[in-house]
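Encoded as structure tokens, the structure appears first; notes follow it.
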Amino acid sequence: MPQSPSSSAQAAREAVASRLRNLRKTAGLTVAEHSSRCGWSGAKTSRIENALTAPSARDIRRWCEASTATDQADGLITQSVNAEAMYTEWRQHVRNGLKELQQVTGRLFTESRLFRVYSSTLVPGLLQTMGYAAGVLHISARTQGLEVDDSPSAAHARVDRSRILYEQGRRFLFVIEEAALYYQLGDPAAMAAQLGHLLSAGALPGVALGIIPSATAERRQWPRETFHVYDDRLVSVELVTARVRIKQQSEIDQYVKVFAELRSMAVYGADARALITRAIDTLDRPETLTPDTR
């Protein structure tokens, strides 16, 4: 099973730290001797070796020079950059607003041909309507404490990028937990529009929409964190505080395997439409807001 995304990112940092530590030891240098050659404190060397401080490219070059291993500097810099890129706090992503985040993510979409998307809590972004997206993004703006809530324009950008669903040559595999159909992330009219859109979007030629019924007799996977697999080259996982991007092939393969198991538990076609229709019916009966109360 995939380890937690934050653990994966930390493991990548620790791998860089371990390589740097081994270079120092191979050179026969103590922490004090190595730090003196680098021109910084022993405390900094210890922080880098224990993955508490991410080394800059300049730090890595000085480290390799001190360890007489300059030929390894470029590879270590690349490894370190990839490790730090794995885990990026949302506050960094949204520092220029939610709208720009949608546009940046959209560029990743245009480069991909096969999309595997699993969500246990939300309708996936590519399937969201304007009202639903605005509700979701407003919560994001409030959670991140943005001074300017640009969720309305961000919702427009999110819906605009969903035009990719209609492009030939791309496949979209969506798996949603049934419970996600019942979470009220907009007023009843917005929710009705969103659920109605699922009925039509699921019928698009390049789209396969599966819903895992809450009453599934035997689960082979428990509900997981939301994740996206782009082709077979990148996994993006959404946490409360950060987005984690995984590029290690062995981990990507694990996520693909888990996705396949989740997908095998889902229902499609008429059965999926029946679950969506049932969720729409509850909008007129507020006392039944979850599938567990049926």
For the list (1) within 23 Å of ARG13 (Cβ to Cβ); (2) in contact (Cβ under 8 Å) with a residue 24 or more places away in the chain; (3) of a type in the set (A, V, I, L, M, F, W, C), I need the number of the one condition that VAL258 fails. (1)
Before we move on, is THR78 within 24 Å of GLN10 (Cβ to Cβ), of a type outside the set (A, V, I, L, M, F, W, C) and outside any helix (DSSP H, G or I)? no
Residues that are open to solvent by 10 Å² or more (accessible area, probe 1.4 Å), hydroxyl-bearing (Ser, Thr, Tyr) and in a loop (DSSP other than H, G, I, E, B), drawn from the range 107-128: SER120, THR121
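Looking only at the range 165-179, count every residue that is more than 20 Å from ILE211 (Cα to Cα) and either within 19 Å of the chain's Cα centre (by Cα) or not in a helix (DSSP H, G or I) (or both) and tell me the total. Spell out the reasoning first.
Kept after step one, since they are more than 20 Å from ILE211 (Cα to Cα), are these residues of the range 165-179: 166-170.
Then keep just the ones that are either within 19 Å of the chain's Cα centre (by Cα) or not in a helix (DSSP H, G or I) (or both); that gives 167-170.
Residues that pass the stated criteria total 4.
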Check ALA217 against each of (1) more than 26 Å from the chain's Cα centre (by Cα); (2) surrounded by 19 or more Cβ atoms within 10 Å (Cβ to Cβ); (3) at pLDDT below 95 and name the one condition it does not meet. (2)
Note: among ARG224, ARG245, just one is modelled with pLDDT of 85 or more, of a type in the set (Lys, Arg) and open to solvent by less than 80 Å² (accessible area, probe 1.4 Å), namely ARG224
How many residues are modelled with pLDDT under 95 and among the charged types (D, E, K, R) if we restrict to the range 169-198? 1
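Quick check, is ARG13 modelled with pLDDT of 80 or more, of a type in the set (Lys, Arg) and within 24 Å of the chain's Cα centre (by Cα)?
Values: modelled with pLDDT of 80 or more: yes; of a type in the set (Lys, Arg): yes; within 24 Å of the chain's Cα centre (by Cα): yes.
Considered against the rule, which asks whether it is modelled with pLDDT of 80 or more, of a type in the set (Lys, Arg) and within 24 Å of the chain's Cα centre (by Cα), ARG13 comes out as yes.
Considering only residues of the range 133-154 that are in a loop (DSSP other than H, G, I, E, B) and of a type outside the set (D, E, K, R), which is most open to solvent (accessible area, probe 1.4 Å)?
Only one residue tops the list, namely VAL148.
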Of the conditions (1) farther than 28 Å from GLU111 by Cβ; (2) open to solvent by 10 Å² or more (accessible area, probe 1.4 Å), VAL207 satisfies every one except a single condition; which number is it? (1)
Scanning for something touching a helix residue (DSSP H, G or I) at 6+ places or on another chain (Cβ under 8 Å), open to solvent by 70 Å² or more (accessible area, probe 1.4 Å) and not aromatic (Phe, Trp, Tyr), does the range 170-186 turn up at least one residue? yes
Please specify each residue of the range 188-202 satisfying the condition of being touching a helix residue (DSSP H, G or I) at 6+ places or on another chain (Cβ under 9 Å) and exposed (fewer than 13 other Cβ atoms within 10 Å of the Cβ). ALA189
Residues (within 21 Å of GLY135 (Cα to Cα) and surrounded by fewer than 12 Cβ atoms within 10 Å (Cβ to Cβ)) located in the range 160-169: ARG163
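The values are calculated or read from the model by the stated rules, or taken from the named source; none is laboratory data. If you're wondering where the values come from, they're calculated on a predicted model, not measured in any experiment. Cβ atoms come from the backbone with ideal geometry, glycine included; neighbour counts cover every protein chain shown. Ligands, DNA and RNA are excluded from the accessible area calculation, which covers all protein heavy atoms including side chains. Shrake-Rupley method; radii C 1.70, N 1.55, O 1.52, S 1.80 Å.
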